[in-house]
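Below you'll find the structure, written out as C-alpha cells, and then a few comments.
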Amino acid sequence: MKESSPQIRAAAQAIAQMFSITYWVPHEDDELEDSSPFQAFLPGVLETAHLLEHIVRMPLDMREMFADRTDVLNARQVGLVKLNILPVQLSAFKVLAGQAKPFFHIVVSREGLATRVADIIEQSGCDWLHFSESGEPRAIPLDQVNDKVFDNYLHRVAAAQTDSRFASVFEEFLQSPLRQWPAMSVDCPSYAHNTTRPNEIALAGFLVDTRGVEPMGPHAQNLYVSGSVRCARAVSAMRTRILGKYGLARHVNDLTICVDSVAWWISHTDIRQKLVKEGLPRVVANFVHALTRRAGYVSEIALVGKRNAPRMPDGATVQWVLSTRSRELRALSSALIVHSGLTLTPVVRLNPGINKVRSALLEIGSCARGGGPHRDFKINKLARRLSTEMGSLAGSRMLSEVRGPTNRIGEMSLIADLPLELLSIDGMPLGLKHDVSRIPCNPGNVMFAQCVNNDITFISKSGFDEVLVVRSFSGSDPIAGHLEAALSGRMRGDASSVPRVRFQDVANADEFVETVSSYKGAMLIFDGHGSRDSQTGVGSIVVGGQPLDIWTLRDRLSLPPIVLLSACDTYPIDGSHGSSAIGMLALGARTVLGTLLPVHSVRSSAFLSRLLFRLSEFLPIVMARFPHGVNWRYLMSGMLRMVYASELGHSYGASVGMGWPSLSEALIQANIDINQRDPRWLERLQKRLATASGSSLSRVQAHREKYAWLTDSMNYVQLGRPELIHVVDQSPAEVWKANSELTLDGVHDL
C-alpha cells in the first residue's frame, strides 16, 4: 500500500532524529543579574558564542558527510535535517549528560573548561565526541576536526548498537565514501569584519572560497555598505547555484536584515547622568555615552574634559568597556550565522546610526496616546517622516538590497529593535511589501535563543480545533464584549468549519497561569488592556486591573506556540525590551503578535474574527496547494495585508463618499490579489479605488500617505520565528502515535 504524505513526512522526521547531531556548548554557571550592560547577554553566552562559528562548519546530520552540497542545502531548508545547538550551564550539563538519548552527541568546550567537561562525559555512560580550544588530551582540537573524525564516530556508535533496527539503518552509510565536494568560489573578497562575517562563515560552511582579503575599516568607509551588499549578493548567488532545480522552500528567508543596538534604557536617556550618580567619574560616563551613540558603521569617540583638554578614562576602564561591547557584537554575529548561514541566507547590517530615529519613536508614541483632534493625521505624518528618515540613514545602495524580489512577495527576517516594517520601499512599507517577522535585538539572551532555534515546529490542523481567548476586564468595561460579539457575527455560517473559541476570564496572575498552562491547543489570544510604563518604557498586559510582569512567571507558565495579544502597547514602538510580547517569547512561545501602539478595540476584534474565519475557510484551500505544510508567517502576513486593504478602502471611500457596492467590489478583488500573492496588489487596489470613485490615482495615493500610512494593521508585529511554524494535516508526533511501525524507541520523542 502506498504511504500517505503524512506517513512519509513522519518517517523522514524519525530518520532525521536518528542521524541528527546534538551540539552541546557548556559554560560556567551564571545568573540573569550578571548580564552584560549594553545588550543583556549572559556571561556564558559571551564566553562561548564564538564556538558556534566552528559548529556551522560541521555537519548537522551524520548523513551530510556522504551527500553533495545540493542535497545538504535542500535538506536543511525543508527541515529534513534537525539543528540541535544547546548552550548550557556546566551544572546542568553534568545532569543532562547522564540522561542523553541516542545517538550522536558532540560537546564543544572553550579553553578553561575542557578538563571539567571531559570528566563529565567520561562519567555519562554515553559515547561522545569532544572538541575543544585547549590542549586537553581527551579532546580533539578544533583545528583538527574533519569528516574522518565524524565517520569514525559513526562507526563507533553503529558498532555499539544491539537493536537490529538501528544497526540496519546505519549500515547503509558505513561503507559509503565520504563526500568529496568540488572546489567552489565566489568573486568576492573576505572583508574580515563583523558586518560581513555571517555571510563569510556561511560560505565557509559549504566550503566555498572567497577571493582574497580586503579588510574593511575606517580607512575605506565606503566598503561598509558596498562590501556588505557585495558579500550578501555573493551568498544569494551561491545559494541559487547550489540549489539549482530545487529552488527555495517557501519559508526560507530571501534576506536577513539586522540593526545592532543597545538596550532601550541606555539609548533613550542621557546615561552620563545615571553613571555619575552611581559614582563613576564623568570622563568614564562620557566615554560610555559616546560608545553607545554610534553615528555610523564607525565613529570617532572624542572626549573633552575641563578647558577643552582631551581626556580619556584610565586604560583598564577603556579596555573593559571596549571588550564588553566587542564581545556583545561578536555574539550578535554568531547568532546571525546560525540563524541564516546554515541555509545560505544573505545577511545585511544596516548603518547603526539609524538608531537615532528613537527620538522620533518617542514622538509617535506620545501622539498615539494623546487625544488631540488631529491625532490620526499627525500620526501618519510622523510615521511617514520616520520611514523617510530610516531610508535616508540606511542609504540608497543598501535600500536597493533591502528591496528584495520585485516579481513576487518575498520573505524577510528582521533582527532589530526598530520598526523596520515601516521602512519605505518604492513608496510602500516593507511590512506590506514582503512577508516580514522580527526578532528583537534586545535583550541579547532572548535574541540569541531565537536565532539558535532553527527547528521547524509542526502543528496539525486539529491544533486549531479550539482557540483559547483569555480575557481580563472589569465588570463595567465597555469593550469587554467586543471580541465575542465580533466572533458571533462573523461565524454564523457552518459551525463545523470554524474553530471553537473558548473564552476564559481571569482576575489575577495565578488564574492566568492556570488557564494558559492547561491549554493544549496551538493558539492563545489575550483580550484585554495593555499599559506602558512612562518611566521604563515597558509594555505590559493588564490582568485584574494591574500590569502583569510576564518575566516573573518564568518557572510557572507554559505557552502554546502561537500567541496573539489583542491589547495596547504589548511591544511599544517607544518601549523597553522588558515588554510582555518579548517576555512571552522568552517563556517559550514560538511567535507572538505584539502591538506597537494603542489599538482600537472594535477594529482589533474585527481583525481577530477575520483571522479565525481565514483559518476555517482559507487554510484548507492553501494546504491543498502546499501539502507539506503552510508556514504561519505566510498566513498572518496575508491576513494583515487584507486588513490594511480594508482600512485604506474604508478610509478613502468615506473621504469621497464612495458607495458600498463599488467599495466592496474593489476590496474583494484586492483580497483575491493578496491570496494569489500578487506583488502589485496595492497598486491595483489604488487604481480600482480611483476608477470606482471617479477620481485620480494621485488623489488615492495622496490620501494613503496622509491618512493610511500607519493604520491599525501596521501596529501589529510578528515576533519570533513564525516562518518555522508549519501547519500540516497531521503532525509527525500524531502519525507516530497512530502508526506504531514508524515509532523507534528513544527516537520518537519530539
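The values are calculated or read from the model by the stated rules, or taken from the named source; none is laboratory data. Source: prediction; values computed, not measured. Counting neighbours? That spans all protein chains shown, and the Cβs are built from the backbone with ideal geometry, glycine included. Ligands, DNA and RNA are excluded from the accessible area calculation, which covers all protein heavy atoms including side chains. Shrake-Rupley method; radii C 1.70, N 1.55, O 1.52, S 1.80 Å.
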### Task
Can you tell me which of 169-179, 556-566, 119-129 comes out highest on packing, and rank the rest after it, using the mean Cβ neighbours within 10 Å?
556-566, 119-129, 169-179
### Query
Modelled label-to-label distance, ARG554 and GLN180, 7 Å Cα→beta-carbon offset: nm?
5.2
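Contour minus end-to-end for LEU362 and ASP187, with contour as 0.36 nm per residue of separation and end-to-end as the Cα-Cα distance? List each step's numbers first, then the result.
Numbers: separation 175, 0.36 × 175 = 63.00 nm, distance 4.37 nm.
Full-extension gain reported as 58.6 nm.
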## Note on the structure
The ³J(HN,Hα) series, computed from each phi in region 240-249 with the Karplus coefficients 6.51, -1.76 and 1.60 at θ = phi - 60°, rounded to the nearest Hz and given as x for glycine or proline, is 4, 5, 6, 5, x, 5, 6, x, 7, 5
### Query
Rounded to the nearest 10 Å², what accessible area does TYR707 show when all protein chains are kept and the probe is 1.4 Å?
110
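Stretch GLN123-LYS101 to full length: gain in nm at 0.36 nm per residue minus the Cα-Cα span?
6.4 nm
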#### Entry: Interchain or long-range residues, amide H under 5 Å from VAL88's placed H
VAL25, HIS27
### Query
From the list (1) 1.28; (2) 0.97; (3) 1.34, can you say which value of Cα Rg over 2.2 N^0.38 Å was derived from the structure given?
(2)
### Query
So how far apart, in nm, are the two label points at SER696 and ALA654 if each is 7 Å from Cα heading toward Cβ?
2.6
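Need the full-extension length gain, GLN535 to THR22, defined as separation in residues times 0.36 nm minus the C-alpha distance. One decimal, nm. Don't skip to the end; give the middle numbers.
Values: separation 513, 0.36 × 513 = 184.68 nm, distance 4.30 nm.
So the chain would gain 180.4 nm between GLN535 and THR22.
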#### Entry: Listed peptides 626-632, 272-278, 482-488 by packing density, highest first (mean Cβ within 10 Å)
626-632, 482-488, 272-278
### Query
Probe 1.4 Å, all protein chains in place: accessible area of PHE19 in Å², nearest 10?
0
### Query
GLU617 accessible area, nearest 10 Å², 1.4 Å probe?
80
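If I compute solvent accessible area with a 1.4 Å probe over the protein chains, what percent of it on the chain is carbon and sulfur?
Values: 15440 of 30250 Å².
Accessible surface attributable to carbon and sulfur in the chain totals 51 percent.
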### Task
Report, in deg cm²/dmol and to the nearest 500, the calculated mean residue ellipticity at 222 nm for the chain, where each DSSP H run with n ≥ 4 adds -39500 (n - 2.57) and the sum is divided by the residue count.
-13500 deg cm²/dmol
## Note on the structure
Other residues with Cβ under 13 Å from the Cβ of VAL56 give, with Lys and Arg +1 and Asp and Glu -1, a net charge of 0
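Sorting check: for 213-226, 35-48, 679-692, which peptide has the highest mean count of neighbouring beta carbons within 10 Å, and how do the rest follow?
Details: 213-226: 14.9, 35-48: 21.6, 679-692: 19.1.
Descending packing order for the listed peptides: 35-48, 679-692, 213-226.
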### Message
Take the residue pairs LYS277/LYS378; LYS274/LYS381; LYS381/LYS687; LYS356/LYS381; LYS94/LYS148 and return only those whose Cα atoms are more than 26 Å apart.
### Response
LYS277/LYS378; LYS274/LYS381; LYS94/LYS148
### Query
Which far-off residues, 5 or more places away or on another chain, put their amide H under 5 Å from the one on ILE439, with H placed in the peptide plane?
LEU414, ILE415, ALA416, GLY720
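Counting only other residues whose beta carbon sits under 12 Å from that of VAL225, what net charge do I get with K and R as +1, D and E as -1? Working shown, then result.
Numbers: positive: ARG230, ARG349, ARG397; negative: GLU401.
For residues surrounding VAL225, the net value is +2.
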### Task
Rank these by accessible area, largest first, 1.4 Å probe: HIS374, HIS339, HIS289.
HIS374, HIS289, HIS339
### Message
Explain nothing, just compute: Karplus ³J(HN,Hα) = 6.51 cos²θ - 1.76 cosθ + 1.60, θ = phi - 60°, for every residue of region 124-140 in order, whole Hz, x for Gly and Pro.
### Response
7, x, 10, 7, 10, 9, 10, 10, 8, 6, 8, x, 4, x, 8, 10, 8
### Task
Take the Cβ-Cβ distance between THR162 and ALA237 as r, set R0 to 51 Å, and report the resulting FRET efficiency rounded to the nearest 0.05.
0.60
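Excluding ligands, DNA and RNA, what is the solvent-accessible area per residue of the chain at a probe of 1.4 Å, expressed in Å²? Mind dumping the intermediate values first?
Details: 30250 Å² over 750 residues.
Roughly 40 Å² per residue, with all protein chains present.
Near LYS381, within a Cβ-to-Cβ distance under 12 Å, what is the net charge of the other residues, with Lys and Arg +1 and Asp and Glu -1?
Every neighbour counted, the sum reads +2.
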### Spin-label model distance (nm) - ARG610 vs GLN546, 7 Å beyond Cα toward Cβ
3.7
